[in-house]
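Just below is one structure, and these are the notes that go with it.
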Amino acid sequence: LSLYVDYRRRGRTLFSEDTNEESIALLQAASRGINATVQMASDASDLARLDQGATLKTSIRDVVLRDVGMKALLVAVDPEFANRVNVKLELVGGGPTVLHTDRKVLHRTLCHLLSNAIRETAAKFDKIPGHGTVTLR
């Protein structure tokens, strides 16, 4: 993908260069934005249906927590914040490795919690030097 724009106004070039990487990054950011908007609309629709008395259909199964946590981290980390917030998954003993629950509901909940934590941590560390850390245990 190549984008060339050469717009001249009063004899000055406002923008003129090959922007393959910038265009791809812009398209990826737009895609993430669209996906987030679709997910937000889906969440709002689910809440509206629940408000009207609908029941949440779940598929309760054994879910490996490590797998759900890793997938949620991959979805929740917005590249915009990747350089400002360290995100990690710590597997510690003592708790269950499998949970009997709905995988989609757990994944959605973890993604929301993680993306909120990442966004708020990045905002905090914009004001003070250093990197914040978000850890899923």
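How large is the charge dipole for segment 58-136, taken about the Cα centre, if only the Cβ atoms of Lys, Arg (+1) and Asp, Glu (-1) carry charge, to the nearest 20 debye?
Using Cβ point charges on Lys, Arg, Asp and Glu, segment 58-136 gives about 60 debye.
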FRET efficiency (Leu89, His131; Cβ distance; R0 22 Å; to 0.05) is 0.85
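Starting from the Cα-Cα distance between Ala41 and Ser59, subtract it from 0.36 nm times their residue separation and give me the gain in nm to one decimal. Show your work: numbers first, answer last.
Working: separation 18, 0.36 × 18 = 6.48 nm, distance 2.17 nm.
My answer for the length gained is 4.3 nm.
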Could you order Glu120, Glu90 so the one with the most accessible surface comes first? Probe is 1.4 Å.
Glu120, Glu90
Describe numerically, in nm with one decimal, the distance between label points set 7 Å from Cα along Cα→Cβ at Val105 and at Ala48.
2.2
Qualifying lysines (Cα of each under 26 Å from Cα of Lys71; at least 8 residues distant if same chain):
Lys57, Lys88, Lys104, Lys124
What's the ranking of 25-38, 75-88 by average number of surrounding C-beta atoms within 10 Å, highest first?
75-88, 25-38
Mean separation of Cα contacts under 8 Å, 6 or more apart, over the residue count of segment 58-136: relative contact order %:
46
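The values are calculated or read from the model by the stated rules, or taken from the named source; none is laboratory data. Because the structure is a prediction, the values reported are computed rather than measured. Positions of Cβ are generated from backbone atoms using ideal geometry, with glycine treated the same way; all protein chains shown enter the neighbour counts. Accessible surface is based on the protein model in full, side chains and every heavy atom, while ligands, DNA and RNA are left aside. Shrake-Rupley method; radii C 1.70, N 1.55, O 1.52, S 1.80 Å.
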